[in-house]
Amino acid sequence: MSSKTNPSALLDKANQLPPLASLMTRAAAAPKSIAFAEGSDPRIVEAAVAALNAGIIRQAHLVGSQAEVEATLGAFEILDATGVEIHDPENSRIFGTLAERFVELRAHKHLSLELAKKATLDPLVFAALLVETGRADGSIGGAVATTSDTVRAALQVIGKAKSEPLVSSFFLMILPENHPLDRAAMVFSDCGMVIEPDAQELAGIASQAADSFAALVGTEPKLGMLSFSTHGSAKHERVTKVVEATAALKAARPDLIVDGELQLDAAIVPAVAASKAPTGALHGGANVLIFPNLDAGNIGYKLAQRFGGAIAIGPVLQGLAKPANDLSRGCSAGDVLAMIAVTALQAETV
């Protein structure tokens with residue numbers, strides 16, 4: 001009898017939640033190659049092996065010390081070891097190629113090859129370079145590294161998509177069963193990156209979040225532009241910003257269902273919407289919530305998670321040229337598995 005751990009329990013648990021089961025099923029329809037910057041972390045390896053065994057991804061690039069990655073990998077049952085590639089930056093045969101590419105990417109900073117090689121030893125940079133050079137379809141980090149380091153590597157190596165106004169983030173919120181709201185999943189944005197967006201930036205974040213919701217959940221996004229005011233109930237420059245952002249979004253994206261400015265209850269509770277915003281487009285049915293700044297967004301998603309029992313997947317980055325995502329340092333293997341599916345689906349749309 002094998003003493004190795006079978007990670008299938010992760011899949012069984014995820015499949016109990018329809019939104020997560022849908023993510024994994026859709027990702028498995030066109031499995032991608034994912035790079036993991038923290039390739040020796042047991043949570044990362046367990047989730048990567050589970051995703052490989054289930055066909056959610058076709059290749060796992062585990063970045064880290066060869067000995068440490070092999071030791072962690074050896075604890076789990078893997079159906080096809082050819083789906084795993086270990087990259088030890090200090091001994092990688094492609095290290096020089098990736099370092100030279102980093103010099104090209106940072107040419108505007110006049111980066112020397114010596115400094116590029118030093119940077120490429122960083123697993124976050126190495127993983128991002130695997131994506132930028134087409135060796136992987138997306139990258140995941142942040143189980144050990146900080147958000148700032150993870151995002152910095154993604155921005156420096158992969159960079160913003162030319163068609164996007166900025167890079168922002170969102171959380172995919174999976175609501176518990178029998179939740180009073182009649183929706184299984186929502187997107188909250190921006191909860192992890194842009195501190196104080198102006199009106200145009202807020203409109204850009206909202207547009208990105210709408211597309212992210214459509215890509216991941218597969219249903220029509222309905223956006224609530226949040227404020228402490230509903231349809232002019234209060235006057236303040238912060239309210240004006242949300243009003244202007246809503247107008248800019250409607251002008252740029254007439255295809256979207258959007259309303260603002262709205263208080264939270266008017267955005268998500270039909271009875272409250274009937275009283276506070278009877279002429280609005282949402283009627284309390286928002287499934288994408290756009291927060292006016294990072295204070296509100298970060299507090300909002302954590303309230304929904306800690307008080308409301310929602311599962312928070314993220315922060316997921318949007319607006320990059322190719323997918324690169326950040327985990328919480330307190331993440332579980334199940335959180336990593338969900339992020340794998342999200343990253344794989346993002347790779348379908350960039």
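Along the positive direction of the dipole of region 36-152 (beta-carbon charges: Lys, Arg +1; Asp, Glu -1; about the Cα centre), which of His61, Ile78, Ala107 reaches farthest? Result: Ala107, furthest along the dipole toward the positive end.
Distance from the Cα centroid of region 104-135 to that of region 174-229 is 33 Å (rounded to whole angstrom).
Which helices, taking whole DSSP H runs in the chain, have alpha carbons extending 24 angstrom or more along the helix axis plus mean Kyte-Doolittle at least -1.0? All intermediate terms of the calculation are to be shown ahead of the outcome.
Numbers: long enough: 199-217 (26 Å, 0.83); 333-349 (25 Å, 1.12).
Those that clear 24 Å and a mean of -1.0 are 199-217, 333-349.
Take the alpha-carbon positions of region 266-344, form their convex hull, and give its projected area averaged over all directions (one quarter of the hull surface) in nm². Mind dumping the intermediate values first?
Numbers: hull surface 27.9 nm².
Result: a mean projected hull area of 7.0 nm².
Considering helices alone, the calculated mean residue ellipticity of the chain at 222 nm is -13500 deg cm²/dmol, with DSSP H runs of length four and up weighted by -39500 (n - 2.57) and normalised per residue.
When the surface is traced with a 1.4 Å probe over the full set of protein chains, Met225 keeps roughly 0 Å² accessible.
Annotation note: trypsin sites (Lys or Arg not before Pro) in region 194-299 located in DSSP loop regions with a Cβ neighbour count of at most 10 within 10 Å are Lys235. Surface analysis of the chain yields an accessible area of 44 Å² per residue, using protein heavy atoms and a 1.4 Å probe.
Relative to the compact-globule estimate of 2.2 N^0.38 Å, the Cα radius of gyration of region 43-107 comes out at 1.29. A viscosity of 0.692 mPa s and a temperature of 37 °C, combined with the Kirkwood radius over C-alpha pairs in the Stokes-Einstein formula, give the chain a diffusion coefficient of 158 µm²/s.
Think of each Lys and Arg Cβ as +1 and each Asp and Glu Cβ as -1; about the Cα centre, that makes the dipole of region 231-280 roughly 80 debye. If you take the alpha carbon atoms of region 1-87 and fit the smallest convex hull around them, that volume is 88 Å³ per residue. Of all beta bridges that DSSP places with both ends in the chain, some 30 percent have antiparallel geometry. Quick one: with all protein chains in place, what share of the accessible area of the chain is carbon or sulfur, to the nearest percent (1.4 Å probe)? Here carbon and sulfur together make up 53 percent of the probe-accessible area. Compactness of region 247-301, taken as the C-alpha radius of gyration over 2.2 N^0.38 Å, stands at 1.15. Of all DSSP bridge pairs formed entirely within region 150-264, close to 50 percent run antiparallel.
Among beta bridges identified by DSSP and lying wholly in region 200-334, the antiparallel ones come to about 0 percent. The Kirkwood radius of region 125-246, taken over pairs of alpha-carbon atoms, gives through the Stokes-Einstein law at 4 °C and 1.567 mPa s a diffusion coefficient of 78 µm² s⁻¹. Rounded to the nearest 20, the Cβ-based charge dipole of region 108-158 about its Cα centre (Lys and Arg +1, Asp and Glu -1) stands at 120 debye.
For region 1-152, the calculated P(r), taken from all Cα-Cα distances in 10 Å bins from zero up to the bin holding the longest distance, is 11, 38, 33, 14, 4, 0 percent. About its Cα centre, region 66-178 has a charge dipole of approximately 700 debye under the convention of +1 per Lys or Arg Cβ and -1 per Asp or Glu Cβ, with nothing else charged.
The values are calculated or read from the model by the stated rules, or taken from the named source; none is laboratory data. Keep in mind the model is a prediction, meaning the values are calculated, not measured. Note that each Cβ is placed from the backbone with ideal geometry, even for glycine, and that neighbours are counted across all protein chains shown. Accessible surface is based on the protein model in full, side chains and every heavy atom, while ligands, DNA and RNA are left aside. Shrake-Rupley method; radii C 1.70, N 1.55, O 1.52, S 1.80 Å.
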